[in-house]
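Trainee: There's a structure below that I have some questions on.
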Amino acid sequence: MTNWFRPAGTAAADGYDVQVTPENAGWAYSSLRVLSTSRTIETGPEEFLVVPLEGGATVTVGEESFRLEGRENVFAGPTDFAYVPVGATVRLEVDGRVALCGARTDTVLPFRYGPANGVPVELRGAGSSSRLVRNFGTVDAFETGALIACEVVTPAGNWSSYPAHKHDEATDSESELEEIYYFEIAAGPAGEPGFGYHRTSSSDAGEIDVLAEVRDRDTALVPYGWHGPCIAAPGFDMYYLNVMAGPGDERAWLISDHPDHTWVRGTWADQRIDPRLEGRR
């Protein structure tokens with residue numbers, strides 16, 4: 001539990017609000033850093049997507065800079081972002097907080113800008129399983145070497161990452177991917193702290209047992225196993241940023257539903273999407 005779930009503040013290190021690296025996670029590919037100050041970093045063997053969480057940032061590599069206008073908060077809609085390649089020196093001028101979604105890769109790609117209005121947004125599930133997904137860094141949306149990333153907004157009282165699923169072995173129907181969940185939870189009307197829940201359980205790939213009450217800015221690591229649901233408590237919207245990477249030669253996100261839960265998908269055909277999401281595309 002201590003290793004795979006890191007409450008807010010416990011993953012802070014080296015000037016980052018959150019620092020999850022392959023070394024401190026005990027795996028090989030995925031990383032996440034959250035930064036609220038300006039700094040210069042060397043990317044080394046990692047590629048990054050720089051994603052404003054609150055406010056904006058200016059991202060500079062060599063003589064080229066991109067201004068990320070960002071957003072008020074993670075519930076305010078998609079954001080513009082920047083891709084930073086391996087082997088680069090990057091200067092980050094931060095006006096708020098940014099996430100650095102990272103993956104180790106041998107692929108060298110150019111420094112690029114991703115506009116907010118180009119982020120594909122989908123409404124997934126139905127009824128109390130309705131959620132909104134911003135696919136800014138998914139396979140079909142944006143080219144990277146190994147990194148896959150997206151954002152999920154789950155309205156208060158709803159379930160997401162459901163049915164429980166896994167991606168911990170390389171088969172024709174499943175990818176092997178390490179995954180990070182970084183959570184932000186909306187406060188109540190008078191600033192009351194919000195909460196929710198996250199679950200990861202064992203699969204043939206390994207033993208793991210995480211059932212965590214999630215608070216604002218907590219982080220969950222999924223090295224393997226069935227993960228989901230993520231549950232937003234009534235009264236408190238839930239956001240999470242997913243970061244994934246793995247050893248496959250092909251960058252792909254293929255999952256297997258938990259056999260006890262997959263039938264739930266069939267019930268969505270007779271339910272409507274949660275109307276609270278309709279205006280958030």
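The values are calculated or read from the model by the stated rules, or taken from the named source; none is laboratory data. Owing to the predicted nature of the structure, the values given are computational and were not obtained by experimental measurement. In this analysis, Cβ positions are derived from the backbone assuming ideal geometry, glycine residues included, and neighbour counts consider all displayed protein chains. Areas reflect the complete protein model, heavy atoms only, side chains present, ligands, DNA and RNA absent. Shrake-Rupley method; radii C 1.70, N 1.55, O 1.52, S 1.80 Å.
Trainee: Please find the FRET efficiency linking Thr40 to Val121, where r is the Cβ-Cβ separation and R0 is fixed at 22 Å, and quote it to the nearest 0.05.
Mentor: Using R0 = 22 Å, I get an efficiency of 0.10.
Trainee: Stokes-Einstein at 10 °C, 1.306 mPa s, Kirkwood radius from Cα pairs: D for the range 212-252 in µm² s⁻¹?
Mentor: 124
Trainee: In 5 Å bins starting at 0, how do the alpha-carbon pair distances of the chain split up by percent?
Mentor: Answer for the chain: a P(r) of 1, 6, 13, 18, 20, 18, 13, 7, 3, 1, 0 percent.
Trainee: Please report, in debye to the nearest 20, how large the charge dipole of the chain is about its Cα centre when each Lys and Arg carries +1 at its beta carbon and each Asp and Glu carries -1 there.
Mentor: With only Lys, Arg, Asp and Glu charged at Cβ, the dipole is about 800 debye.
Trainee: Still on this structure: Would you mind telling me the share, in percent, of accessible area of the chain contributed by carbon and sulfur at probe 1.4 angstrom?
Mentor: Whole-percent figure for carbon plus sulfur exposure: 50.
Trainee: Provide the convex hull volume over Cα atoms per residue for the range 219-281, in Å³.
Mentor: About 168 Å³ per residue, rounded to a whole number.
Trainee: Each residue of the range 221-234 in order: what ³J(HN,Hα) in whole Hz does its phi give by Karplus 6.51 cos²θ - 1.76 cosθ + 1.60, θ = phi - 60°, with x for Gly and Pro?
Mentor: 10, 10, x, 5, x, 6, 10, x, x, 9, 10, 8, 4, x
Trainee: Please list the non-local residues whose amide H lies under 5 Å from the amide H of Arg217, H modeled 1.01 Å from N, same-chain partners needing a gap of 5 or more.
Mentor: For Arg217, the qualifying residues are Phe183, Glu184, Ile185.
Trainee: Count neighbours as other Cβ atoms within 10 Å of each site's Cβ, and list the GluC sites (Glu not before Pro) in the range 210-281 that are DSSP loop with at most 10 such neighbours.
Mentor: Here the GluC sites (Glu not before Pro) that fit, given the DSSP loop and packing criteria, are Glu250.
Trainee: Given contacts defined as C-alpha pairs under 8 Å and at least six residues apart, what's the relative contact order of the range 137-244, whole-number percent?
Mentor: So the answer I get is 40 percent.
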